[in-house]
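Visitor: Dumping the structure here so I can ask a few things about it.
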Amino acid sequence: MSNRHFNGLTPAEAERLAILAEECGEAVQIIGKILRHGYRSYHPDDPNGPDNRAMLVKELGDVHCVMDLMAELGDFNGADVHRRSREKRLRLQHYTHHQDFPEVVNG
């Protein structure tokens, strides 16, 4: 009997994807809060807690952590992701309207 599911994923691969999906969802949720309430807003029940900017940093850090883990474990090539990121940044310069991009450094 195989440990592979019909989709060809091992249980570990499926679990990492599930964690990545959850973390991406949490990042999307805080982005929505920032769009509605701004970076400096915070949860009304916790005025001493982190503001939305701090929560965005937390959630993006969590996404980055899972991405690093997935690259380390061979789910994808981290260098390919980095190359794609640079390509995307160059394209964004052509169709965003309100960004002042610093010069992109090759490497």
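The values are calculated or read from the model by the stated rules, or taken from the named source; none is laboratory data. All values derive from a computational prediction rather than experimental measurement. With ideal geometry, Cβ positions are generated from the backbone for all residues, glycine too; neighbour counts draw on all protein chains shown.
Visitor: I need every pair where a residue in segment 22-51 that is surrounded by fewer than 14 Cβ atoms within 10 Å (Cβ to Cβ) has its Cβ under 6 Å from the Cβ of a residue that is part of a strand (DSSP E or B), sequence separation at least 6 or different chains.
Guide: Going by the 6 Å Cβ cut-off, the qualifying pairs are Arg40/Asp51; Gly49/Tyr42.
Visitor: Somewhere in segment 52-59, is a residue crowded, with 16+ Cβ neighbours inside 10 Å and either within 12 Å of the chain's Cα centre (by Cα) or within 30 Å of Gly8 (Cα to Cα) (or both)?
Guide: Yes, because at least one residue in segment 52-59 is crowded, with 16+ Cβ neighbours inside 10 Å and either within 12 Å of the chain's Cα centre (by Cα) or within 30 Å of Gly8 (Cα to Cα) (or both).
Visitor: One residue is enough: does segment 62-74 have a residue meeting the conditions in contact (Cβ under 8 Å) with a residue 60 or more places away in the chain and not β-branched (Val, Ile, Thr)?
Guide: yes
Visitor: Going residue by residue through segment 90-105, is there one that turns out to be under 30 Å from Glu13 (Cβ atoms) and in a helix (DSSP H, G or I)?
Guide: Checked segment 90-105: at least one residue is under 30 Å from Glu13 (Cβ atoms) and in a helix (DSSP H, G or I).
Visitor: Within segment 92-107, which residues are out of contact with any Lys or Arg (no Cβ under 7 Å at 6 or more places or on another chain) and either polar (S, T, N, Q) or surrounded by 10 or more Cβ atoms within 10 Å (Cβ to Cβ) (or both)?
Guide: Leu92, Gln93, Thr96, Gln99, Phe101, Asn106
Visitor: All but one of (1) modelled with pLDDT of 95 or more; (2) closer than 30 Å to Phe101 by Cβ hold for Glu15; state the number of the condition that does not hold.
Guide: (2)
Visitor: A further question on this structure: Just one of the numbered conditions (1) in a helix (DSSP H, G or I); (2) at pLDDT below 95; (3) among the small types (Gly, Ala, Ser) is not true of Gly32; which one?
Guide: It is condition (2) that Gly32 fails.
Visitor: While we're here: Would it be correct to say that Arg53 is basic (Lys, Arg), over 24 Å from Ala18 (Cβ atoms) and not in a loop (DSSP other than H, G, I, E, B)?
Guide: It is true that Arg53 is basic (Lys, Arg), over 24 Å from Ala18 (Cβ atoms) and not in a loop (DSSP other than H, G, I, E, B).
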